[in-house]
Amino acid sequence: MAHSVSVAGRLIELSALEFRLLHYMASHSGMVFSRDQLLDNVWGNDRTVTPRSVDVYIRRVREKIELKPQEPAYVQTIHGVGYRFASAGDEL
């Protein structure tokens, strides 16, 4: 089952896991999450993935929602820490 979000008026289809990841991060806008925290909170106990799997899903979400995935405005990398969802007005 796919889920969709709207970004700048564009309807974007996401897989269920991509949607859960984006929803979790957007629901905690501005907070920085390590890979392990995202695995625990998005994948939960029923997981057979590695922390690097988070990177793959982050990349997939960026490719779908960002205008310039190589310069993300929404799903940002905080080097040495993890990832965060930045909303309008958030500063690094």
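The values are calculated or read from the model by the stated rules, or taken from the named source; none is laboratory data. Since the model is a prediction, treat every value here as computed from it, not as a measurement. Because the Cβ atoms are built from the backbone with ideal geometry, glycine has one as well, and the counts that use them run over all protein chains shown. These accessible areas exclude ligands, DNA and RNA; they are computed on the full protein's heavy atoms, side chains included. Shrake-Rupley method; radii C 1.70, N 1.55, O 1.52, S 1.80 Å.
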Practice problem: Run down VAL32, VAL75 and say which single residue is modelled with pLDDT of 95 or more, farther than 14 Å from VAL5 by Cβ and in contact with a strand residue (DSSP E or B) (Cβ under 8 Å, 6 or more places away or on another chain). | Solution: VAL32
Practice problem: Kindly indicate which of ARG10, ARG60, ARG84, ARG52 is open to solvent by 80 Å² or more (accessible area, probe 1.4 Å), at pLDDT 95 or above and either out of contact with any Ser or Thr (no Cβ under 6 Å at 6 or more places or on another chain) or among the hydroxyl-bearing types (Ser, Thr, Tyr) (or both). | Solution: ARG60
Quiz item: Has the range 16-31 got any residue that is more than 14 Å from the chain's Cα centre (by Cα) and of a type in the set (Gly, Ala, Ser)?
Solution: no
